[in-house]
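What follows is one structure encoded as structure tokens, with my remarks underneath.
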Amino acid sequence: MDAFLYSTAIVALAEMGDKTQLLSFVLAGRFRKPVPIALGILVATLANHFLAGAFGAWLASLASPQALAWLVAAAFFGFGLWVLVPDELEENPKLPAAGVFLTTVVVFFMAEMGDKTQLATIALAARYEALVAVVLGTTLGMMIANVPAVWLGERFARRVNMKVLRWVAASLFGLLGGLTLLEAWRSGVL
């Protein structure tokens, strides 16, 4: 349950002001069809985060417990710093000429490639060894951050203090890094 809850909280906060949330605003403004956009975000995120989580679990199986503890902690500390830098989206992103759902799936999946939430999913899956809980948690976190952006658009963005949310997310990533090292130390790995 910890893997699910931490994954949800980390990604929901880290997504605030992220390029995929900005993309949600663009898709909502361009298509004005919230249901297929939200479903497209769900499908793209499940696919992307399952691949990322599976990769994280595979990496965890290759590394020694000591190396894994240091790598995962360093990744969390790095994500904490990265989340403090606001993302930007191109002025007029090119969207494929497909239906709303398929366009959302393709564009959202590609936007998540190499994004901090995808990399966080890798680290979370490596840390918790609970692939399903991590993927469901990170996907729920994405939906918490992006579905209101689809339905409420710019009104949502103006009412949320992104700077505060970025600092909360950075703190949570730092906390997870510290807890990873503490748990490794307590279990005798470090």
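Each value in this text was obtained by applying a stated rule to the coordinates, not by laboratory testing. All values reported here derive from a predicted model rather than from experimental measurement. Because the Cβ atoms are built from the backbone with ideal geometry, glycine has one as well, and the counts that use them run over all protein chains shown.
If each DSSP helix of 4+ residues adds -39,500 (n - 2.57) and the sum is divided by the residues in the chain, what number results at 222 nm, nearest 500 deg cm²/dmol?
That calculation yields -27000 deg cm²/dmol at 222 nm.
Which part of the range 12-26 falls in the paramagnetic zone of Trp167, meaning amide N under 19 Å from the point 7 Å along Cα-to-beta-carbon?
Label zone hits: 13-18.
What number, in percent, do you get for the relative contact order of the chain if the mean sequence gap of Cα pairs under 8 Å and at least 6 apart is divided by its residue count?
It comes to 47 percent, rounded to a whole number.
Counting only Cα, what are the radius of gyration and maximum Cα-Cα distance Dmax of the chain, in Å?
Cα radius of gyration and Dmax of the chain are 16.6, 55 Å respectively.
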